[in-house]
Amino acid sequence: MTPDRIIVTALSLALIVFIVWFFWMKKDKGTRASKTSSGHQEVMILVKGGYTPDVIIVEKDRPVRLNFRREETASCSEMVLLPDFEQSAQLPVGETVAVEFVPREAGEFEFACQMGMLRGKLIVE
């Protein structure tokens with residue numbers, strides 16, 4: 001094998017390993033919700049091309065307040081759905097909308113836009 005083929009093969013294998021790690025093996029630690037004086041667990045979520053942060057960690061049996069602030073006009077981000085908690089909210093552009101609920105069981109629960117293109121995860125410990 002010629003040196004240029006060896007280099008191309010090695011770079012290709014390295015790229016494949018990186019793609020596998022990034023999409024399937026990388027674990028996002030998540031953002032822990034802060035506790036307020038009123039007893040809520042609270043986090044601000046920016047909606048702009050996705051949810052930032054998109055992984056949120058909370059404690060069970062304590063009230064949660066997720067504050068969504070939409071900074072884009074894409075129709076997909078007009079609404080957020082939290083089906084496991086029977087919650088949803090319209091997200092007007094430039095406004096902060098609070099979604100409040102109390103998680104009663106531990107686990108991982110998804111939230112998403114109405115089209116399912118923007119996704120996030122709530123980890124209840």
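Scanning region 33-84 for residues that are in a strand (DSSP E or B) and acidic (Asp, Glu) turns up just one, Glu42.
Tell me whether region 86-98 contains one or more residues that are surrounded by 14 or more Cβ atoms within 10 Å (Cβ to Cβ) and within 23 Å of Lys29 (Cα to Cα). Within region 86-98, not a single residue is surrounded by 14 or more Cβ atoms within 10 Å (Cβ to Cβ) and within 23 Å of Lys29 (Cα to Cα). Checking each residue in region 27-48 for being surrounded by 12 or more Cβ atoms within 10 Å (Cβ to Cβ) and touching an Asp or Glu at 6+ places or on another chain (Cβ under 7 Å) picks out Ala33, Gln41, Leu46, Val47, Lys48.
Scanning region 2-21 turns up no residue that is basic (Lys, Arg), surrounded by 10 or more Cβ atoms within 10 Å (Cβ to Cβ) and either more than 23 Å from Met115 (Cα to Cα) or modelled with pLDDT of 90 or more (or both). The set of residues from region 58-78 being of a type in the set (A, V, I, L, M, F, W, C) and surrounded by fewer than 18 Cβ atoms within 10 Å (Cβ to Cβ) comprises Ala74, Cys76.
The values are calculated or read from the model by the stated rules, or taken from the named source; none is laboratory data. Note that the structure is predicted; figures quoted are calculated from it, not measured. Methodologically, a virtual Cβ is constructed for each residue, glycine included, from the backbone with ideal geometry; neighbour enumeration extends over all protein chains shown.
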